[in-house]
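Engineer: Take a look at the following structure, please.
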Amino acid sequence: MSGLVTPLAIRKPVPRPPDGEGSVQVMIDSKLDVSAKVFAVYGKGGIGKSTTSSNLSVAFSKIGKRVLQIGCDPKHDSTFTLTKSLIPTVIDVLEGVNFHSEELRPEDFVFEGYNGVMCVEAGGPPAGTGCGGYVVGQTVKLLKEHHLLDETDVVIFDVLGDVVCGGFAAPLQHAERAIIVAANDFDSIFAMNRIVAAIKAKSKNYDVRVAGVIANRSADTDQIERFNKASGTRTLARLPDLDVIRRSRLKKATLFEMEPTPEVLAVQREYIRLAQHLWDGTEPLDVAPLKDREIFDLLGFD
């Protein structure tokens, strides 16, 4: 029966070794192929990934880099401190043209934010339906079709919460380095261990490696350092728990737009130092995620 199209649901997958034991993760066939440095930011839900990603994007722009930030959360709020609004998502605009991507223009889904940072929100399928990996794949496909990555130096994927499914692990298939945001507490570090395990699994078939940990909202880092020593991770930067960071979100602004008090200037310098360090290159880490009970026994009890 020549000429018939096999439905997507029953097409045979392209053979490929699994990312890990029992893996059913999404395979993307539209990998980024650019000279840009690509980072994927992960961490426990609510730990401050979007705040960290947006300020890091600005820091990269402050050292003269052309930056694209891609929000990969269905609530599409990754970039609102950069753009001062909730911008239309890729899925929204595709739905508006009945998924005929050739009808879209770049200005339909790419928006310029503070200090020239370009912003995209992938969005997500309706709750309980679809796959986050598909959304990421469609976003990357659109960016490539419109040659929007040709003049980009840095791409930052800001990804939904903990890595527990293949869909939201999909940005790891594009990234060179994964950055984990964590606080100095058990829940954050437990989530970080899951993320480390996901990155290690993806590294079997993709270039991504762990860059390290950003200690966020933390006066101390003793528990993070204890985990680092046990797992092979490292601390890249340390950001204190300052109320001005909370207020910057309420003002829909990055820290680089807040009143330049000594504490704000200190955090700005830390972000710029981190951006330069990441741009200069980080050695890939040979990480060893712990078993759940090992983390329970490792942390606390001081």
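Engineer: For the pairs 37/62; 37/200; 141/251; 62/84; 84/141; 37/251, flag any whose C-alpha to C-alpha distance is greater than 23 Å.
Structural biologist: 141/251; 84/141; 37/251
Engineer: Given H placed on each backbone N at 1.01 Å, which residues far from residue 285 in sequence or on other chains put an amide H within less than 5 Å of it?
Structural biologist: Excluding prolines and chain starts, which carry no amide H, the hits are 210.
Engineer: Taking the Kirkwood radius as the inverse of the mean 1/r across Cα pairs, report the Rg/Rh of the stretch 154-294. Could the numbers behind the result be given before it?
Structural biologist: Values: Rg = 15.6 Å, Rh = 16.0 Å.
Using only Cα positions, Rg/Rh for the stretch 154-294 is 0.97.
Engineer: While we're looking at this one, here's another question. Please compute the length gained on full extension between residue 86 and residue 145, using 0.36 nm multiplied by the number of residues separating them and subtracting their Cα-Cα distance. All intermediate terms of the calculation are to be shown ahead of the outcome.
Structural biologist: Working: separation 59, 0.36 × 59 = 21.24 nm, distance 2.39 nm.
Extending this stretch completely gives an extra 18.8 nm.
Engineer: What accessible area per residue comes out for the stretch 215-302, rounded to a whole number of Å², with a 1.4 Å probe?
Structural biologist: Values: 5150 Å² over 88 residues.
For the stretch 215-302, the solvent-accessible area averages 59 Å² per residue.
Engineer: What lysines does residue 202 reach when the alpha-carbon gap must be under 17 Å and sequence neighbours fewer than 8 apart in one chain are set aside?
Structural biologist: Cα-Cα hits under 17 Å: 31.
Engineer: Below 10 angstrom from the Cβ of residue 59, what's the summed charge of the other residues (Lys, Arg +1; Asp, Glu -1)?
Structural biologist: Details: positive: 62, 65, 269, 273; negative: 270.
Neighbourhood net charge equals +3.
Engineer: From the protein chains alone at 1.4 Å, what is the descending order of accessible area for 292, 153, 286, largest first?
Structural biologist: Values: 292 85, 153 30, 286 130 Å².
Ranked list, largest accessible area first: 286, 292, 153.
Engineer: Moving to a separate point now. Which aspartates and glutamates does residue 75 reach when only Cα atoms under 16 Å apart count, and residues fewer than 8 places away in its own chain are ignored?
Structural biologist: Leaving aside aspartates and glutamates fewer than 8 places away in the same chain, those within reach of residue 75 are 92, 121, 158, 162.
Engineer: Roughly how many percent of the accessible protein surface of the stretch 155-302 is carbon and sulfur, given a 1.4 Å probe and a whole-percent answer? Kindly include the intermediate steps, with their values, before the conclusion.
Structural biologist: Details: 3410 of 6690 Å².
Accessible surface attributable to carbon and sulfur in the stretch 155-302 totals 51 percent.
The values are calculated or read from the model by the stated rules, or taken from the named source; none is laboratory data. Because the structure is a prediction, the values reported are computed rather than measured. Quick reminder, even Gly has a Cβ in these numbers, built from the backbone with ideal geometry, and neighbours come from all protein chains shown. Heads up: the accessible areas ignore ligands, DNA and RNA and are worked out on the full protein's heavy atoms, side chains in. Shrake-Rupley method; radii C 1.70, N 1.55, O 1.52, S 1.80 Å.
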